[in-house]
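Step one of this worksheet: look at the structure below.
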Amino acid sequence: MVLSESQKQIIRNKFAALAGDVELIVFTQEHECQLCRENRELVLELGTLSPRIKTKVYDFVINGDQDIKYKINKIPAIALVGKSDYGIRYYGMPAGYEFAVIVDDIVDVSKGTTSLPDIIKKKLSEIKKPVHIQVFVTPTCPFCPRAARLAHQFAIENEFVRSDVIEMTEFPYLVQKYNIMSTPHIVINENTSFVGAQPPEVFIDQIFMALRSGYDPMYS
């Protein structure tokens with residue numbers, strides 16, 4: 001994915017709002033798949049658009065200690081880290097509608113807070129157990145960015161939440177595992193799932209439903 005000069009300028013304008021440094025950490029491998037290479041090149045290009053963005057590239061095979069540190073279990077992968085590691089991950093190439101997600105995520109991570117309403121933040125603060133959210137998306141799905149953004153915003157607002165956005169066509173074994181027929185498809189703690197870009201109140205209710213099951217996602 002090559003960014004045009006007009007795209008770069010739009011992104012630079014958005015990145016003018018960055019309040020702190022953001023690390024974009026890419027996981028790939030020595031013999032890169034096509035999308036691994038394109039993913040790495042895209043992240044490195046984003047890193048040139050603001051002095052606040054730092055980029056790192058790790059080999060998924062050689063740098064196993066970093067895989068463990070950032071809980072990376074598949075590639076291509078991107079970890080977005082600000083003053084804290086909020087548990088925000090993107091698996092696959094953030095193309096199509098999903099590209100805007102990663103740009104907006106970078107801004108939120110730099111601030112360490114989100115634009116979610118206070119009533120939603122209050123409900124999120126009631127979560128006191130580990131939550132692992134997986135949002136399956138496709139680049140052509142116009143409803144996926146809303147679900148992806150909510151999941152990542154939840155992770156920023158609550159240290160118990162970690163959120164993966166996964167480009168489903170790049171990980172067909174997960175599509176089969178979770179019986180994904182349409183997107184966005186959200187899986188929470190391996191035991192609760194729903195489909196569609198639901199309002200944040202509904203999304204949070206699904207999280208509490210998953211927590212009531214007692215499943216511990218700490219090592220998932």
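Every read-out reported here was derived from the displayed coordinates using simple, explicitly stated rules and does not represent laboratory data. Not measured: the values here are computed from a predicted model. In this analysis, Cβ positions are derived from the backbone assuming ideal geometry, glycine residues included, and neighbour counts consider all displayed protein chains.
Mean projected area of the convex hull spanned by the Cα atoms of the range 5-111, taken over all viewing directions: 6.4 nm².
If you take the square roots of the eigenvalues of the alpha-carbon gyration tensor of the range 3-44 and sort them as a ≥ b ≥ c, do you get rounded (a/c under 1.5), prolate (a/b over b/c) or oblate? Oblate, since a/c reaches 1.5 and b/c is not below a/b.
Annotation for the range 16-60 versus the range 72-117: alpha-carbon center distance of 11 Å. Couplings 3J(HN,Hα) for the range 183-193, derived from phi with the Karplus relation 6.51 cos²θ - 1.76 cosθ + 1.60 (θ = phi - 60°), are 10, x, 10, 10, 10, 10, 6, 6, 10, 9, 8 Hz, where x marks Gly and Pro.
Electrostatic tally near Val26: other residues with Cβ closer than 9 Å to its Cβ, Lys and Arg +1, Asp and Glu -1, net +2. Across the range 106-111, computed HN-Hα scalar couplings (Karplus, 6.51 cos²θ - 1.76 cosθ + 1.60, θ = phi - 60°) run 4, 5, 4, 4, 5, 8 Hz from first to last residue, x flagging Gly and Pro. Only beta bridges with both residues in the chain are counted; by DSSP, about 50 percent of them are antiparallel. Relative to the longest principal axis of the Cα atoms of the chain, the long axis of helix 5-15 lies at roughly 50 degrees. Here the relative contact order of the range 5-111, from alpha carbon pairs under 8 Å that lie six or more residues apart, stands at 35 percent. Residue separation of Val2 and Ser213 scaled by 0.36 nm, minus their Cα-Cα distance, works out to 71.5 nm of gained length.
Rounded, prolate or oblate, given the Cα gyration tensor of the range 92-220, with a/c below 1.5 counting as rounded? Note, shape of the range 92-220 comes out oblate. With respect to the chain, whose longest principal axis is taken over its alpha-carbon atoms, helix 34-46 is tilted by about 80°.
Computed on the chain, with alpha-carbon pairs under 8 angstrom and 6+ residues apart, the relative contact order is 18 percent. With a cut-off of 17 Å on the backbone N, no residue of the range 153-167 is near the modelled label site 7 Å out from Val202 along Cα-Cβ. I'd like the orientation of helix 144-157 relative to the chain: the angle between its Cα long axis and the longest Cα principal axis, in ° from 0 to 90, rounded to 10. The answer is roughly 80 degrees.
Over the chain, DSSP H runs of length four or greater, each weighted -39,500 (n - 2.57), average out per residue to a 222 nm ellipticity of -11500 deg cm²/dmol. Distances between placed amide hydrogens fall under 5 Å for Cys141 paired with Tyr97, all partners being 5 or more residues away or on another chain.
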